[in-house]
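J.: My questions will all concern the structure given below.
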2 protein chains.
Amino acid sequence: MRWGVLVGGTGSNLKAMLTSGFSVSLVISHKAGVKALEIARDYGLESCVLMPKDYPDRQAYDAALVEQLSRFGIERVAMAGFLRWLTPETIARYPGAIVNLHPSLLPAYPGLHAIERAFSDGVLWSGVTVHFVDEGHDTGPIVAQVPVPRLVGDALADFEERIHAAEHALYPQVLKALDRGQAALIDGRVEYKKENDQWMHGH
Amino acid sequence: MRWGVLVGGTGSNLKAMLTSGFSVSLVISHKAGVKALEIARDYGLESCVLMPKDYPDRQAYDAALVEQLSRFGIERVAMAGFLRWLTPETIARYPGAIVNLHPSLLPAYPGLHAIERAFSDGVLWSGVTVHFVDEGHDTGPIVAQVPVPRLVGDALADFEERIHAAEHALYPQVLKALDRGQAALIDGRVEYKKENDQWMHGH
């Protein structure tokens, strides 16, 4: 399987994938000049920048995205800091082949500022979710999750750091499991080849 | 502190409190003939049944409830299977002194059928929350939480059993901590006497 990674920020999850030995064939960013692109360069990966302002609409943007993915023979896509919703057409083009990482135990705290909102609410546990991307916003079938505590003395930055550390531990593990075919999306549900593998619960 | 426990079902959490040595001074049920009342009897506890059909409205019902609590000198209330919302007047009467147990990691899955809904959604982690009761529905400040995994081979009944076991482990621990003054509601926020005690995260 050739994996593409969609980025747009610090690339900390891209870096976690690469340091864990997960093989990435293409990096696409929606923003120029971001750290994620430097990481791609450092690892000698193919990369490209597709900036929304260069396209008249979302359809045109996603057409360019799919064209790049196709050109590099990408069959699977991992989103990691790519702050755009894909069009239904793009999602339909890669059934069960696009995954996203979200910094909460979905369905709690979908959307932006998930960590901050959980922190403000005073939850004692939040976490990290990897899910297949569907047409909703952070609603797709859950592949793996790990709980992360908010400690009472935490500043927001401490809690964010702990959540990000959990992301970096979970995501590469899950991507490797998907790459080995240990889980797949069948009829809208996630089916696991081996029941209760540790990785799906983040251990 | 004299604690009252509000029940209405199997009383499995009441039983968990009592077997753990947590002292209960009064049990009130909104239903007659339930197992929870048998447990109260077995442990020689004062108990009474207040049936909604005997009262013209919620205000009258809650007036009777508060009267019973007062008669027995109850200062703190733990809800455990009491399937009624308290009126704002009742809640205001016991500031920071009414706690509820909910079978999810709130704010995920408030309301009824929380376990079943989480199971149907295919979450890999849900859990249990103890929170102070406010005027919303399962929205009050969180005191303690514990995550509980859904294992992939689980039937709904297996998952329910695991959640209930977590309730029985968490709730008595939290009630004892509250009784000792280790946490309190101050200006609408939960403040802990000792930071990062194990019990607040369910360990």
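J.: In nm to one decimal, list the spacings between the A:P110 label point and its equivalents in the other copies, with label points set 7 Å along Cα to Cβ, shortest first.
T.: Nearest to farthest, the other copies are at 1.7 nm.
J.: Once both labels are modelled 7 Å past Cα along the beta-carbon direction, what's the A:D158-B:E135 spacing in nm?
T.: Calculated label separation equals 3.4 nm.
J.: Report, in whole Å, the centroid distance computed from the Cα atoms of the stretch A:10-43 and the stretch A:90-120.
T.: Using only Cα atoms, the two centres lie 19 Å from each other.
J.: Of the options A:V174, A:H137, A:P149, report the single residue whose Cα projects farthest towards the positive end of the charge dipole of the stretch A:100-190 (beta-carbon charges: Lys, Arg +1; Asp, Glu -1).
T.: Positive-end residue among those listed: A:V174.
J.: Given an 8 Å cut-off on Cα distances and at least 6 residues of separation, report the relative contact order of chain B as a percent. It would help to have the intermediate numbers written out before the result.
T.: On the way: 371 pairs, mean separation 36.9, N = 203.
Taking the mean separation of contacting Cα pairs over the length of chain B, I get 18 percent.
J.: Residues in the stretch B:1-25 near a label at B:C48, defined as backbone nitrogen under 16 Å from the 7 Å Cα→Cβ point?
T.: Counting only backbone N, you get B:3-7, B:25.
J.: Using protein chains only and a probe of 1.4 angstrom, how many square angstrom of A:L83 are accessible, to the nearest 10?
T.: Solvent-accessible area, nearest 10 Å²: 130 Å².
J.: Which lysines does B:K193 reach when only Cα atoms under 24 Å apart count, and residues fewer than 8 places away in its own chain are ignored?
T.: Answer for B:K193, where 24 Å is the Cα cut-off: B:K176, listed by chain and number.
J.: Per q in 0.07 1/Å, what log10 I(q)/I(0) does a Debye calculation on the alpha-carbon atoms of the protein assembly as shown return?
T.: Values, matching the q order: -0.40.
J.: I would also like to ask the following. The stretch A:66-203: D in µm²/s via Stokes-Einstein (Kirkwood Rh, Cα pairs, 4 °C, 1.567 mPa s)?
T.: On the way: Rh = 15.6 Å.
The calculation lands on 83 µm²/s.
J.: So for the pair A:E67, A:A169, with labels modelled 7 Å out along Cα→Cβ, what separation do we get in nm?
T.: So the label points at A:E67 and A:A169 sit 4.3 nm apart.
J.: Of the heavy-atom accessible surface of chain B (probe 1.4 angstrom), what whole percent is carbon and sulfur?
T.: Looking at chain B in its full context, I get 51 percent from C and S.
J.: Sequence neighbours fewer than 8 away in the same chain don't count; with that in mind, list the lysines whose C-alpha is under 16 Å from A:K35.
T.: Here the lysines satisfying the reach criterion relative to A:K35 are A:K15.
J.: How many nanometers, to one decimal and shortest first, lie between the label point of B:R2 and those of its other copies, if labels sit 7 Å from Cα toward Cβ?
T.: 7.6
J.: Kirkwood hydrodynamic radius of the stretch A:20-67 from all distinct Cα pairs, in Å? Walk me through the numbers before you get to the answer.
T.: On the way: mean 1/r = 0.0855 Å⁻¹.
Kirkwood radius, the stretch A:20-67: 11.7 Å.
J.: So how much accessible area does A:S12 have, in Å² to the nearest 10, using a 1.4 Å probe?
T.: Approximately 40 Å² for this residue.
J.: Okay, moving on. May I ask you to give the solvent-accessible area per residue for the stretch A:100-190, in square angstrom, as obtained with a 1.4 angstrom probe? Can you show the working numbers first?
T.: On the way: 3450 Å² over 91 residues.
Spelled out: the 1.4 Å probe surface of the stretch A:100-190, per residue, equals 38 Å².
J.: For chain B, modelled as a Gaussian network with Cα springs under 10 Å, which listed residue fluctuates most, B:K31, B:K53, B:K193?
T.: Judging by the Gaussian network model, the answer is B:K53.
J.: Okay, next question. Quote the accessible area belonging to A:H137 in square angstrom, nearest 10, computed with a 1.4 Å probe and with ligands, DNA and RNA left uncounted.
T.: 100 Å²
J.: What is the stretch B:1-130 by shape, rounded, prolate or oblate, if you read a ≥ b ≥ c off the alpha carbon gyration tensor as root eigenvalues and call it rounded for a/c under 1.5, prolate for a/b larger than b/c, and oblate otherwise? Each step should come with its number before you reach the end.
T.: Details: a/c = 1.71, a/b = 1.40, b/c = 1.22.
Verdict is prolate for the stretch B:1-130.
J.: Leaving out same-chain residues fewer than 8 places away, which lysines sit with a Cα under 17 Å from that of B:K53?
T.: B:K31
J.: I would also like to ask the following. Sort shortest first the distances from B:P95 to its counterpart in every other copy, using label points 7 Å along the Cα-to-beta-carbon line, and give them in nm.
T.: Label-point distances to the other copies, shortest first: 5.9 nm.
The values are calculated or read from the model by the stated rules, or taken from the named source; none is laboratory data. These numbers were taken from a predicted model, which means no experiment stands behind them. As a convention, Cβ positions derive from the backbone with ideal geometry for all residues, glycine included, and neighbour counts pool all protein chains shown. All accessible areas refer to the heavy atoms of the entire protein, side chains included, with ligands and DNA or RNA removed. Shrake-Rupley method; radii C 1.70, N 1.55, O 1.52, S 1.80 Å.
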